[in-house]
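Trainee: The structure's right below; bear with me while I get my questions together.
The values are calculated or read from the model by the stated rules, or taken from the named source; none is laboratory data. This structure is a prediction, so every number in the text was calculated from the model and none was measured. Cβ atoms come from the backbone with ideal geometry, glycine included; neighbour counts cover every protein chain shown. Side chains included, ligands, DNA and RNA excluded: accessible areas come from the protein's heavy atoms. Shrake-Rupley method; radii C 1.70, N 1.55, O 1.52, S 1.80 Å.
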Amino acid sequence: MALALVPLQALAFQPAMSALPHLCSAHFIGTSSLSMCIAPAPAAWQHALPNALTAGRVLAIPLLVCAFYAPRTARTQLAAAMFTALSLTDFVDGYLARKWRVMSDFGAFLDPVADKLLVCTVLVMLAGSFGAVVAMPAAL
């Protein structure tokens with residue numbers, strides 16, 4: 001079995017410039033040099049928004065509890081709408097952090113904590129309202 005020798009330049013990774021049109025200024029000026037290809041730096045508000053959404057989710061949990069126990073007839077709809085909105089912010093903050101490449105250690109820590117606080121709070125409230133029907137499966 002014969003081994004073919006391949007020049008080292010042929011093994012180098014060279015992505016097509018058309019694959020990176022939104023990140024590469026070289027694409028717009030007609031050169032094929034990767035040395036001009038740099039990602040734009042995210043703005044300060046882009047760094048803060050995903051973590052602010054996560055912190056807002058934690059701070060909104062007491063409001064969710066108040067909405068659940070409010071003495072109104074529409075309290076269950078309000079609490080369900082709040083839970084849905086808070087759950088959607090979980091998706092949105094992760095999506096934005098990955099899209100803008102602004103992931104942080106604080107966000108990586110706080111996001112799962114906020115998720116667990118939200119879900120555990122709702123399970124405790126539902127178990128208190130519906131008893132063993134919710135409490136037993138939640139305990140497992």
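Trainee: Which of the helices (runs of 4 or more DSSP H) contained wholly in the stretch 58-134 include at least 1 residues that are of a type in the set (G, A, S) and in contact (Cβ under 8 Å) with a residue 24 or more places away in the chain?
Mentor: Hits in the stretch 58-134: 75-100, 105-130.
Trainee: Which residues, counting only those in the stretch 42-86, are open to solvent by less than 40 Å² (accessible area, probe 1.4 Å), over 22 Å from the mean Cα position of the chain (by Cα) and among the small types (G, A, S)?
Mentor: A67, A70, A79
Trainee: Also: Could we say that S25 is at pLDDT below 90 and open to solvent by 60 Å² or more (accessible area, probe 1.4 Å) here?
Mentor: It is false that S25 is at pLDDT below 90 and open to solvent by 60 Å² or more (accessible area, probe 1.4 Å).
Trainee: Answer yes or no: is there a residue in the stretch 87-95 that is farther than 30 Å from P42 by Cα, hydroxyl-bearing (S, T, Y) and either open to solvent by 70 Å² or more (accessible area, probe 1.4 Å) or in contact with a Leu (Cβ under 6 Å, 6 or more places away or on another chain) (or both).
Mentor: So far as the stretch 87-95 goes, no, none of its residues is farther than 30 Å from P42 by Cα, hydroxyl-bearing (S, T, Y) and either open to solvent by 70 Å² or more (accessible area, probe 1.4 Å) or in contact with a Leu (Cβ under 6 Å, 6 or more places away or on another chain) (or both).
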